[in-house]
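The values are calculated or read from the model by the stated rules, or taken from the named source; none is laboratory data. Values in this document were obtained by computation on a predicted structure and should not be read as measured data. Every residue, glycine among them, receives a Cβ derived from its backbone with ideal geometry; neighbour counts consider all protein chains shown. Areas reflect the complete protein model, heavy atoms only, side chains present, ligands, DNA and RNA absent. Shrake-Rupley method; radii C 1.70, N 1.55, O 1.52, S 1.80 Å.
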Amino acid sequence: MEAKEAVALAAAGIVRSQNLPGDTIPRKFRAAVSARGPRVAMRQKELGIWEEVTWTELGAHVGHIAQAMVADGFEPGDTASILSNTRREWTYADYGILCAGGISSGIYPTDAASQVEYLLADSDSSIVFVEDEEQLDKVLEVRSRLPKLRRIVVFDMEGLAQVDDPQVISLQAFEQVGIGHASKNPGELDRRIDHRQPDDVAILVYTSGTTGRPKGAMITHRNLCYVMEHYAPELAQGEDDDKMAFLPLCHVAERMFGQFLSLQFGARLNYVENPETVAENVREIAPTVMLAVPRVWEKFYSAIQIAVREATPLQRRAYAFALAIGYRVADLRLAGRPVPALLALANRLLRFFVLDNIRRVIGVHRARYGVTGAAPISPELLRWFAALGVDIYEVWGMTETTGGGTVNLPGKRRLGTVGPASPFNEIRISSEGEILVRGPNVIKGYLNLPEKTREAIDEEGWLHTGDVGSIDADGFVKITDRMKDIIITAGGKNVTPSEIENELKFSPYVTDAVVVGDRRPYLTCLVMIDHENVERFAQEHAVPFSNFASLCRAAEVQALIQAEIDRVNGRFARVEQIKKFRLIEFKLTAEDEELTPTMKLKRKLVNEKYADLIGSMYSS
């Protein structure tokens, strides 16, 4: 262990495994199971109880699955897919595929049957693991057009007891096949693990496909292992840490930060019950290290803002005073300046008597740090968490950089930026203002799309990210927007919509927003309200409504959002101010095409789908 890392770990009091040996994921997995044996690898809630799985037990499940795949005719270099929400069986299958010498491809559980068909066909998957009856139905609907698919393995057989289909088998029965095959073929699993090489493709991560068919990013074992081994020691995690797994595992963020970094360093991974129970499960788990997309951090903030408004006058004053002291301390720390002893003492006392209660309400009272990425976040939101005593470090990366790219670190953090380049890659800005990345973390290319690969990665190895940004004199990178999202108004003014949108999303009443105005005389905005908080506002103010649409149309709600927009407008120049807005009158979920899997509005699709609504803001 390097001296820098050892010092960082000692300062944090972290028990961390020595750097895990192995130049492929299966070899690292074999080493982890051997070294950690009886230690807890993961937990998942079953019938109200958090069940523990040790590394030995995890190794057994993975070995049985890999052996069953071999028995089923799965060859090294073949691909298998996983169609499921985030749960421990997803990880069993993922490692099982890799240990069988295969390529693992994830499919979002919200994808329609037609999308599932495309992804299974494009990846040439011969086996697909599905979560339950709902996901099985999607595959059965399209399997007649998938001649290479020969096996469907089901995690949860509830409601499927009467299924009699030669292609369909439960995970439990599949593992039994593996046990039988292992007894007759000792040493086969080790042979498979030793077969794959660092430059072989390990996983396929499909882009969201907002501008056409999804592209399968080919991520190699070398890509993954390099990022894992060069993870910042300043953000240490180890065998005594608890993490949460709730983002989609087919997204590179959860796969890398959640699953693979837990493999590298031994942190316990706790799988939430379902996406709707995240807030409750955070309080139960009280993670010590937490990754979340901005929308989750925004929801925590919104919940506290509403709770404070409902508190007693004394409680509100205590919160305001404690937070004011917290802000003073946070601002000094962020500026790299010392905190006076008396102020530090006051902050500790107020944190103990007031702010710790706020942190417990959220469930982050044990958190040593948080990480945010996958979308822009308001600097003011990060400052609020810092005032609470929870440091959240913004990072930037993408599928094509294996999740790595830039990172803010303790003592080297600047709000409003995504930090300096990670030590394992170079970053520069092109003459057009595009962010370029080069390093061992850049993917091999796109599956079956050599032309798209050449467009994205030039002859010198630079990945053209499509993000616009800048690098300051200290090396901090600021992402301004996507190249295709920059707005140029009819008056020729360049506007970065994400900055305005981030300020709007800081409101407890706004979940998301899309600023419009390209080649138009002024800016307008489509707003997706926070249903729970706006509904509570309506009830408290006796605003009548019968459904989501009528709630959006209520004059009082319109005035509420207008006030939030007025607040944000005050932060920007006149040409950057929103002149009109409309509310999206449909409650959108992950199943709706307007949202990405990480719950962001798709700008291009929203502009197309709501063209008439947008037009109404310019008709006069």
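Remarks
- Qualifying residue in region 330-351 (condition: crowded, with 21+ Cβ neighbours inside 10 Å and either free of Cβ contacts under 8 Å to residues at least 12 places away in the same chain or on the phi > 0 side of the Ramachandran plot (or both)): no
Condition check ((1) in a loop (DSSP other than H, G, I, E, B); (2) open to solvent by less than 30 Å² (accessible area, probe 1.4 Å)) across all residues:
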| residue | (1), (2) |
| --- | --- |
| ARG519 | yes, no |
| LEU526 | no, yes |
| GLU532 | no, no |
| ALA538 | no, yes |
| ALA542 | yes, no |
| CYS552 | no, yes |
| LEU560 | no, yes |
| ASP566 | no, no |
| VAL575 | no, no |
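- Pair list, Cβ under 6 Å, 6 or more apart: region 599-620 residue under 17 Å from GLU501 (Cα atoms), other residue modelled with pLDDT of 85 or more and open to solvent by less than 40 Å² (accessible area, probe 1.4 Å): LEU601/ASP512; LEU601/VAL514; ARG603/VAL514; VAL606/VAL514; ILE614/VAL516
- Checking ASN502 against (1) in a loop (DSSP other than H, G, I, E, B); (2) under 30 Å from SER430 (Cα atoms), the condition it does not meet: (1)
- Looking only at region 256-295, and only at residues there that are modelled with pLDDT under 90 and among the charged types (D, E, K, R), the one that is farthest from ILE49 (Cα to Cα): ARG295
- Among the residues making up region 115-152, a single one is hydroxyl-bearing (Ser, Thr, Tyr), part of a helix (DSSP H, G or I) and touching a strand residue (DSSP E or B) at 6+ places or on another chain (Cβ under 8 Å): SER123.
- For region 79-114, a residue qualifies if it is more than 15 Å from PHE174 (Cβ to Cβ), touching a residue at least 60 places away in the same chain (Cβ under 8 Å) and not hydroxyl-bearing (Ser, Thr, Tyr), and the qualifying residues are ASN85, ARG87, ARG88, LEU98, GLY101, ILE103, GLY106, ILE107, PRO109.
- SER84 vs. criteria hydroxyl-bearing (Ser, Thr, Tyr), under 23 Å from the mean Cα position of the chain (by Cα) and under 19 Å from ILE25 (Cα atoms): no
- All of (1) open to solvent by 60 Å² or more (accessible area, probe 1.4 Å); (2) more than 30 Å from ASP474 (Cβ to Cβ); (3) part of a helix (DSSP H, G or I) hold for ARG366 with one exception: (3).
- Filter result for the condition that a residue is at pLDDT below 95 and open to solvent by less than 50 Å² (accessible area, probe 1.4 Å), over VAL437, VAL468, VAL442: VAL468
- When the criteria are applied in full, VAL339 fails the requirement of being under 19 Å from the mean Cα position of the chain (by Cα) and in a loop (DSSP other than H, G, I, E, B).
- Checked against the criterion of being surrounded by 13 or more Cβ atoms within 10 Å (Cβ to Cβ), in contact (Cβ under 8 Å) with a residue 12 or more places away in the chain, closer than 30 Å to ASN441 by Cβ and hydrophobic (A, V, I, L, M, F, W, C), the candidates ILE203, ILE179, ILE152 yield just one match: ILE203.
- Within region 28-78, restricting attention to residues that are of a type in the set (D, E, K, R), over 22 Å from LEU263 (Cα atoms) and assigned to a loop (DSSP other than H, G, I, E, B), the residue that is most open to solvent (accessible area, probe 1.4 Å) is GLU75.
- Conditions (1) touching a Ser or Thr at 6+ places or on another chain (Cβ under 7 Å); (2) at negative phi: number failed by ASP518: (1)
- Taking the criterion of being surrounded by fewer than 19 Cβ atoms within 10 Å (Cβ to Cβ) and among the charged types (D, E, K, R), the only residue of region 99-130 that qualifies is ASP124.
- Hey, ILE285 touching an Asp or Glu at 6+ places or on another chain (Cβ under 7 Å) and under 28 Å from ASN19 (Cα atoms) or not: yes
- Only residues that are surrounded by 18 or more Cβ atoms within 10 Å (Cβ to Cβ), under 15 Å from ILE487 (Cβ atoms) and modelled with pLDDT of 90 or more were counted in region 577-613, giving 1.
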